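Derivation of every value follows stated rules applied to the coordinates shown; laboratory data play no part. Quick caveat: nothing in here was measured; it's all calculated off a predicted structure. Quick reminder, even Gly has a Cβ in these numbers, built from the backbone with ideal geometry, and neighbours come from all protein chains shown.
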Amino acid sequence: MKKILTLIILLSVFIGSAQRTMFGSQNNNVVPTGPSLPVIVTTSVTSITASTATSGGTVTSDGGQLITSRGLVYGTSPGSSTYSATTGAGIGAFSTSLTSLNTATTYYVRAFATNSIGTSYGSEFSFTTATSICI
């Protein structure tokens, strides 16, 4: 009888442990979160010519703080921010024309948004400007 009782106790402990592992311990307390970085999505590059292109982004969340700056950063190497084009502030979609680009050159562009917490970047797109044709 003592062995059966011990087995039942051990089985009960094991099942309780397995349930906590599978489902996690329940926590009904809601922990408040503070401000965070903005969330931004880069839009694809369009209207590519030998010296211009258009891209932009959409700020989908301000992270609980005002967006003070948004726009594009771009350059000729991945992750580059050699050049920037700022386009206003706030949540929502924006579009920016990139000008004075070099012909037949690959550029990398990504959208950015800044609030008081910091700056976030969207995904990076690459594009190559057209070759200039002289007639």
task: Extending each Cα 7 Å along its Cβ direction at SER61 and THR106, get the distance between those two points in nm, one decimal.
output: 3.3 nm
- request: Give the Cα extents of the range 39-128 along the principal axes, in whole Å, largest first.
  value: 41, 21, 17
statement: Residue by residue through the range 55-63, the couplings from Karplus 6.51 cos²θ - 1.76 cosθ + 1.60 with θ = phi - 60°, in Hz, x for Gly and Pro, are 8, x, x, 9, 7, 9, 8, 8, x
- request: Could you calculate the FRET efficiency of THR76 with SER47 from 1/(1 + (r/R0)^6), where r is the beta carbon distance between them and R0 is 22 Å, rounded to 0.05?
  value: 0.70
